[in-house]
Amino acid sequence: MSSEASSPVAPPATSPTSPASPTSPGSLDLPSCRQRGRDRSPSPMRDYLIPSPLPTRRTRTCSATARAAAGPMFTGVCKCFSRSKGHGFITPADGGRDIFVHISDIEGEYVPVEGDEVSYKVCSIPPKLQKVQAVEVTITHLAPGTKHETWSGMVLNS
């Protein structure tokens, strides 16, 4: 450490050709091409970016999980399932409307394909709780003559 007393440092002299200091208000303005007041074209996805109303196993409430677990077991046939989209539909054995199934609600080692017989329970979908989705879905019989893929990617010919 130096024993000399430190003297205050004088600000550097500015010349007409030197740029403005970073603390001067004029230097904080955006360039004219980046002004905030300019008209911008709206994003085509601006009105469509809303959170998904479908509860996954991870986001489902404890009370909804308990109601579904206490409910009866149903059977049906897998109508379609897209692993890349993460969802599909089940046609109930007793008829009626197709039931939505999320990828997080499928139990077992195989990815369901069209024609697989499944058993499942149902859970109401918010906000109005008028529609249902399948939960605790297990494949009971693999569709004959189709290729079945495991979640790890191995293929089984049945």
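Computed values, structure above
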item	result
Output for the stretch 102-117, where each listed residue is of a type in the set (D, E, K, R) and closer than 13 Å to T56 by Cα	D105
The one condition in (1) at pLDDT 90 or above; (2) outside any loop (DSSP other than H, G, I, E, B); (3) open to solvent by 40 Å² or more (accessible area, probe 1.4 Å); (4) under 19 Å from S84 (Cβ atoms) that E114 fails to fulfil	(2)
Matching residues in the stretch 65-110 - criterion: being out of contact with any helix residue (DSSP H, G or I) (no Cβ under 9 Å at 6 or more places or on another chain) and in a loop (DSSP other than H, G, I, E, B)	G71, P72, M73, S84, A93, D94, G95, G96, R97, D98, G108, E109
Every residue from the stretch 117-138 that is open to solvent by 40 Å² or more (accessible area, probe 1.4 Å) and assigned to a strand (DSSP E or B)	E117, V122, S124, K131, V132, E136, T138
Single residue of T146, T138 found to be in contact with a Phe, Trp or Tyr (Cβ under 9 Å, 6 or more places away or on another chain), within 18 Å of R83 (Cβ to Cβ) and not aliphatic (A, V, I, L, M)	T138
Search result, residues across the stretch 90-103 that are surrounded by fewer than 16 Cβ atoms within 10 Å (Cβ to Cβ) and within 24 Å of the chain's Cα centre (by Cα)	D98
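The values are calculated or read from the model by the stated rules, or taken from the named source; none is laboratory data. Remember, predicted model here, so these are calculated numbers, not experimental data. We place every Cβ from the backbone using ideal geometry, glycine too, and count neighbours over all the protein chains shown. When the accessible area is computed, the model is the full protein with side chains, heavy atoms only, and any ligands, DNA or RNA have been set aside. Shrake-Rupley method; radii C 1.70, N 1.55, O 1.52, S 1.80 Å.
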